[in-house]
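Colleague: Below is the structure I would like to discuss, written out as structure tokens.
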Amino acid sequence: MKFGGKSHKFGNDVNTDYIISGKYKFKTLDMKELAKHVMEDLDPQFYRKVSAGDFVVAGTNFGCGSSREQAPLAIKHAGISAVLAKSFARIFYRNAINTGLPVVECDTDQIDPGDELFIDLAAGVITNKTKGSNIPVKPLPGVMLKILNDGGLAPHFRKHGGFNLQ
Amino acid sequence: MGQTIIEKIISGHSGKEVHAGDIVVARVDYVMGQDGTAPLAIRAFNEMGGKEVFDRDRVALVIDHSAPSPNEGVSSLHQLMREFAAEKDFRLYDVGEGVCHQLLPESGRVGPGSLVIGADSHTCTYGALNAFSTGVGSTDLAGGLISGRMWFKVPETVKFVCNGNLPSGVYSKDLILYLIGDVTADGATYMAAEYTGEAIAAMSQEARFTVANMAIEMGAKAGLMEADDKTLAWLRRFSDQRYTPVSADTGAVYSRVLEYDVSWLEPQVARPHRVDNVAPVKDVAGRPVAQAVLGTCTNGRLEDLRIAAGILGGRKVHRDVRLIVAPASRRVLLDAMAEGLIQALVEAGAAIVTPGCGPCVGTHNGVPSDGETVISTANRNFKGRMGNSKAEIYLASPATVAASALTGKITDPREVPGT
Ligand code: SF4
């Protein structure tokens, strides 16, 4: 999987209430509608600033808080191709993989807002085109790569009739 | 090699001895979803080609987060859940029955050694019953509903040893807030927490739920305790099933062991907008409060209502404060009525809302206004959590919330005379 786009940068501990507020997520299953409110409490203009393929870039503990799968889904439906962070909260991490949103652990200090990035997930490299540098990526566990390669857990189940991870 | 509690429970459910770092597919004993997560899970269930749930006695859906429904969007999602549960013929807990994390323990189907997944992050609550229970998202929930299995990475364990006894006026909520403040919001990410020591042993079973409930607030996958006579006695009220408690081996390997002397602990509060922004109540005492909330899966049990009624009984809530009380379940509400606690709280000026999540997650039942300060017994104070990003949420024990409702400002409960 390869993606190119620009960086939208956030800090540490971006919780799922910030990603998509509870007041919206309980109302609808329409992810396109939810996507309009993604990150709203941190940056009310965020949805309008995103171009398809862009990246969310953050510090530590991205996605902490509730188990709402609407969080990775709303990010994905806003046009974001992957989330890059120093570390992720575990339920968000699982949910992202399960819904087919790539999540990448790396040193995000090397990325500034607006930097042009190119990512090759299989090769495990991020190229920061703005800075002309490469950033090493912590590889995904094999189990997660398998689910992600199938397009998420639902397609994985459809393909294999259940878990086929060993 | 010695094993921790979680390593033993996962071993027992995957048919082989596992240790931290292993990735396994394990059998699950119970699968739960709530109205914020189940609708997406139903969609995923259908996408996955699901036909039936793996065992109709081991799954449940709960309508608690926005119950009763505040608008037609939510109503149609509730309807989707009701139809799904009826069609697959399993238990749905409807409006008024309570918060999922109170209902599962009360169902008698979760106990020592159980492995439970719930599509709600505070599923870690049943760790207080010596179970490995953890929060997952909707797609995992769907996978669990279909297969009765789930994949896990066996986590490392950080052990919290709490020595000494909590002073009077200081509660299990103060302890867990203190621990979260100490290790921070990601201090146990990807790990399990084990809570042990004199202070845990001395706690009632209800008080222990509060500690396990907030394990996720330090990033943990689970917050486990050993089972003792109190645990088993508590469970016997709801089930006659026999459980075998799971203890850690003496040679168990921990990533960290943290020791605390809790005998000096004071009432604590988490300040806006982070759960790990913890300070003694005295540091923020005097701040005017507009809304006080007693309830949620953290502190909506009988003992919590008893503590609050002990402070508010025969007195009046300050006229500038709205006190909202959400009992954790219908059972809790009935027990509290039988004990006269509801009478005492309502006479003091409390508004009682439907057993369930109450105003915790901002969908209904008490969204604060701009600039207002809320003091709540809940577990999260993120900006916007209660539905308004311009409100300030402080988290505290039921005693601190009741004392603050009484005086109209954040108050150390030990300073209220006659309590
Ligand atoms: S009471 Fe609050 S924290 Fe607990 S399950 Fe409900 S919304 Fe979540």
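Colleague: Which members of segment A:11-42 meet the condition of being assigned to a loop (DSSP other than H, G, I, E, B), open to solvent by less than 30 Å² (accessible area, probe 1.4 Å) and more than 16 Å from the ligand (Cβ to nearest atom)?
Modeller: Listed by number, the residues that qualify are A:Asp13, A:Val14, A:Val38, A:Met39.
Colleague: Another question about this same structure. Of the residues B:Val321, B:Val367, B:Val332, B:Val353, which is modelled with pLDDT of 95 or more, in contact with a Leu (Cβ under 7 Å, 6 or more places away or on another chain) and of a type in the set (Val, Ile, Thr)?
Modeller: None of the other options fit; the residue is B:Val332.
A quick yes/no check of all residues on (1) open to solvent by 10 Å² or more (accessible area, probe 1.4 Å); (2) hydrophobic (A, V, I, L, M, F, W, C); (3) within 15 Å of the ligand (Cβ to nearest atom):
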| residue | (1), (2), (3) |
| --- | --- |
| B:Glu259 | yes, no, no |
| B:Val262 | no, yes, no |
| B:Glu266 | yes, no, no |
| B:Val278 | yes, yes, no |
| B:Val289 | no, yes, no |
| B:Gly295 | no, no, yes |
| B:Asn299 | no, no, yes |
| B:Glu303 | yes, no, no |
| B:Ile307 | yes, yes, no |
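Colleague: In segment A:2-32, how many are under 26 Å from B:Ile63 (Cβ atoms) and more than 10 Å from chain B (Cβ to nearest Cβ)?
Modeller: 3
Colleague: To continue, here is another question. Before we move on, is B:Arg385 assigned to a loop (DSSP other than H, G, I, E, B), open to solvent by less than 10 Å² (accessible area, probe 1.4 Å) and among the charged types (D, E, K, R)?
Modeller: When the stated conditions are applied, B:Arg385 does not pass them.
Colleague: Mind listing whichever residues of segment B:361-382 are assigned to a loop (DSSP other than H, G, I, E, B) and among the polar types (S, T, N, Q)?
Modeller: B:Thr363, B:Asn365, B:Ser369, B:Thr377, B:Asn379, B:Asn381, listed by residue number.
Colleague: Could I ask something else about it? For segment B:354-382, enumerate the residues that are surrounded by 24 or more Cβ atoms within 10 Å (Cβ to Cβ), away from chain A (no Cβ under 14 Å) and of a type outside the set (S, T, N, Q).
Modeller: Residues satisfying the conditions are B:Pro355, B:Val374, B:Ile375.
Listed here are the residues, each with its yes/no results for (1) hydroxyl-bearing (Ser, Thr, Tyr); (2) under 30 Å from B:Phe160 (Cβ atoms); (3) more than 14 Å from chain A (Cβ to nearest Cβ).
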site	(1), (2), (3)
B:Ile6	no, yes, no
B:Ile9	no, yes, yes
B:Arg27	no, yes, no
B:Val62	no, yes, no
B:Asn71	no, no, no
B:Met81	no, no, no
B:Phe84	no, no, no
B:Asp89	no, no, yes
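Colleague: Ok, one more. Suppose we keep only residues that are among the charged types (D, E, K, R) and open to solvent by 20 Å² or more (accessible area, probe 1.4 Å) within segment B:175-218. Which one would you say is nearest to the ligand (Cβ to nearest atom)?
Modeller: Across segment B:175-218, the extreme among qualifying residues is B:Glu206.
Colleague: Checking the conditions here, which among B:Arg385, B:Arg319 is away from the ligand (no atom under 16 Å from the Cβ), of a type in the set (D, E, K, R) and not assigned by TED's automatic domain parsing to the domain that holds B:Thr210?
Modeller: Testing whether each residue is away from the ligand (no atom under 16 Å from the Cβ), of a type in the set (D, E, K, R) and not assigned by TED's automatic domain parsing to the domain that holds B:Thr210 leaves just B:Arg319.
The values are calculated or read from the model by the stated rules, or taken from the named source; none is laboratory data. Note that the structure is a prediction, hence the values are computed from the model and not measured. In this analysis, Cβ positions are derived from the backbone assuming ideal geometry, glycine residues included, and neighbour counts consider all displayed protein chains. Just the protein is used for accessible areas: all its heavy atoms, side chains included, with ligands, DNA and RNA removed. Shrake-Rupley method; radii C 1.70, N 1.55, O 1.52, S 1.80 Å.
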